[in-house]
1. For chain B, take the longest principal axis of its alpha carbons; what is the angle in degrees between that and the long axis of helix B:291-305, to the nearest 10 within 0 to 90?
2. Can you give me the solvent accessible area of B:Thr285 with a 1.4 Å probe, rounded to the nearest 10 Å²?
3. Show me the helices of chain A, taken as full DSSP H stretches, that run 24 Å or more along their long axis by Cα and average -1.0 or above in Kyte-Doolittle hydropathy.
4. Once amide H atoms are placed 1.01 Å from N in the peptide plane, what residues at a sequence separation of 5 or more from B:Val190, or on another chain, have their amide H within under 5 Å of its amide H?
5. Over the protein assembly as shown, what lengths in whole Å, largest first, do the semi-axes of the equivalent ellipsoid take, defined as the square roots of 5 times the eigenvalues of the alpha-carbon gyration tensor?
6. Which positions within segment B:44-86 get 20 Å² or more of their accessible surface covered by the other protein chains, compared to the chain by itself, with a 1.4 angstrom probe?
7. Convert each backbone phi in segment A:83-98 into a coupling constant with the Karplus relation 6.51 cos²θ - 1.76 cosθ + 1.60 (shift: θ = phi - 60°), then list the ³J(HN,Hα) values in order as whole Hz, x for Gly and Pro.
8. Relative to the compact globular guide of 2.2 N^0.38 Å, what is the alpha carbon radius of gyration of segment A:50-229, as a ratio?
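The values are calculated or read from the model by the stated rules, or taken from the named source; none is laboratory data. Bear in mind the structure is a predicted one, so any value in this text is a computation, not a measurement. Here Cβ is always computed from backbone atoms with ideal geometry, including for glycine, and neighbour counts include all displayed protein chains. We work out accessible area using only protein heavy atoms, side chains counted, and drop any ligands, DNA or RNA first. Shrake-Rupley method; radii C 1.70, N 1.55, O 1.52, S 1.80 Å.
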Amino acid sequence: MKHEWIETHTSHFLILTLLVISIGGLVEIVPLFLIKNTVETVAGVRPYTPLELLGSNIYQREGCYLCHSQMIRPLQEEWLRYGHYSLAAESQFDHPFLWGARRIGPDLARVGGKYSNTWHIQHITAPRSLVSRSRMPNYLWLKDRPLQYSDIEAHLRALVRAGVPYSENQEQYDKNVALFGKDVANRLVISRARENLLAQVAGNADGNVVSPTEMDALVAYLQILGTLVDFKKYDEGYFARFR
Amino acid sequence: MVPTEALAYRAASQPERYNYAIVRGFTVMALVWGVSAMVVGIYLAAELIWPILNLDLPGLTFGRLRPVHTTLAIFGFCGSLLFAASYYVAQRTCQERLAGTLLPLVTFWGWQAFVLLGVVSELLGYTQARKYAEFEWPLDVLVVMVWLAYLWVYTATLYRRSQPPLYVANWFFLACLLGMALLYVLENLVVPVDVLGMKSYSEFAGVQSAMVQWWYGHNVITFLLNMAFLGMMYYFLPKQVGRPLYSYRLSIIHFWSLVFLSVWAAPNHLNWTALPDWTVTLGVTFSVMLVLPSFAGVINGLMTISGAWHTLRTDPVLRFFVAALLFYGWVTLEGVTMSFQTINALSHCTDWTVGHAHFATLGWVSMMSFGVIYHLVPRLWDTKLYSVRLVALHFWVALFSVVLLAAALEIAGIGQALRLRTTDEYGNLVYSFMETDAFLTVPYLLRGLGGSLFLVGALVMVYNLVITVVRAQRKRAATEARIAAKLAVKGLRPREG
């Protein structure tokens, strides 16, 4: 076939180019949805509670992911600094992923539980009061701004459509009980989203809750990061099988 | 006797054969967005040095402003220049006027509205949290419609041509058009929370979402920053040097291998992550192969100048093209190097990546853009450049500042990365995170200096072009007045324009 056949007919050119462009994406993306081993089988990972979900949204809104990664790589120095390398399973409910690509600040994939809530609030409000040469902006307004959660059910329903198992009816609830246990399943019920949210805020603030702020949500989100998988339950070779 | 001036006047008062008005509009907007992108970039660099510059205002924090910088640079600057160049090249190579009267204007105003609304929504905190795809779904709807209008205008113009072969530059523009359409739609599949609200959730999660994102992110660069600008290279470089393209056969190899291979290199951005090894290995393999088409392009461009290298001494505009091609070659080699697992373990998540990106965007894309703009403006306003010496000054300032800025970033990245992995004799980490960060102080100042100089160069260009256009318009007005006076003496009236 001569190249003339392609370049003298705009339509031939358009169709052929589109085909050639598509191949790479098809081969590299489609199998990720089909191969079961892509996401590790591991206990503990669950969808975010309503409060954590809104916290993740604030994390995205403020562009935190631009300076903080959430992806610990399987390298010795990262093991020492941050902990066990990140599993694909740990971000399986993140729509979208927040792995990041730049560490102007440290990785946050396992920041959960490392610092107290009070430390986080102080650090987010005025980073340089704790880390003198930090390059992070002061997020002064988060602890004063009331959390918008009146449409939380709509958020959860949108995520259900994207494949996250929040439960709308008894059947879905029972499924969640089987998957995550009763405690977690109760926190994933859409109709109970608001009371769950308020209860979690009250729990984190030792009962001193006035009205939930954006800071409450953000800190609740940070405190869950990387804490869901109990790595003691799995021997060293287990996760390597999925790579 | 019909004076030649009168003939020229009559020709000038005919409706333009080509639709240059739209090209002029996009060229001006490319300059406006380009300078804005640089200003925001310098401000961001300063924020990292002096965090007080965040001013405790949500819209000015680094996290909100960084997407504004990339939006202005990629969609504002590169996007507008792509429209300008492709509309110009399509008309010149097909020797036909741009198709449609209303639709080209729709693409102009639609695109400008998209960039402006995109920036405003990012400042307000509306984001999909995915690089180069931050725009929430209502803006996605707008941009897809504008892009379809663009596709129609562009291909309809190509269909009007009388010469059957399609000139090489148009292949690259077409690939960019198709590639971006495909990428953008798949990347932005989302579930809106409320049809009356902005917020949405990505259809994909975790590892699949990561792969779709970097398939998009990598290929926005492939199509919008490589394909589109290679299209410009294939038209404007031979025109500027006044010689035919070196090899038609090489351009076929260049085009098809680049279109095919580039797409596969996306998983490089996810080296050492939770993406399965097979996908990463494919990505690395294909990025090694990418050296071939890239250098086919570099060779094809540089060899076109062969035999006319002496023009570099007198024509500083040509220097921009040559420097751009050399940066293109360099960026490809560096990109391949960074995709290797051992190197990537060091470079990933550091300023090395940012340096690499600026070698590409300032060295390759901007140098090419400046060459194209210096070539276009005198032709669009039918005049000569005000000052060639200012072009030469701009060239040297730009060249120096790109290297300063990008090299400072790469040194910053490598230096910090080496500290991050330093362990003592017992295998413990030597530096805390903030101690590795201390390495960045000097490189960050140099980066800011490099960026500022690059802006100064661009402002020299803007000054030169503004004077060029103003003088052209004054001269034209004076000529018209003189002719009108002469015709009036003879009792004639000038034709209505």
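1. 30
2. 70
3. A:10-34
4. B:Glu203
5. Working: eigenvalues 491, 146, 141 Å².
Each semi-axis is the square root of five times an eigenvalue, giving 50, 27, 27 Å.
6. Residues of segment B:44-86 that lose at least 20 Å² of accessible area once the other chains are added: B:Leu48, B:Pro51, B:Asn54, B:Asp56, B:Pro58, B:Thr61, B:Phe62, B:Gly63, B:Arg64, B:Arg66.
7. After applying 6.51 cos²θ - 1.76 cosθ + 1.60, I find x, 4, 4, 6, 9, 4, 4, 5, 10, 5, 9, 8, 10, x, 4, 10 Hz.
8. For segment A:50-229, the normalised Cα radius of gyration comes out at 1.06.
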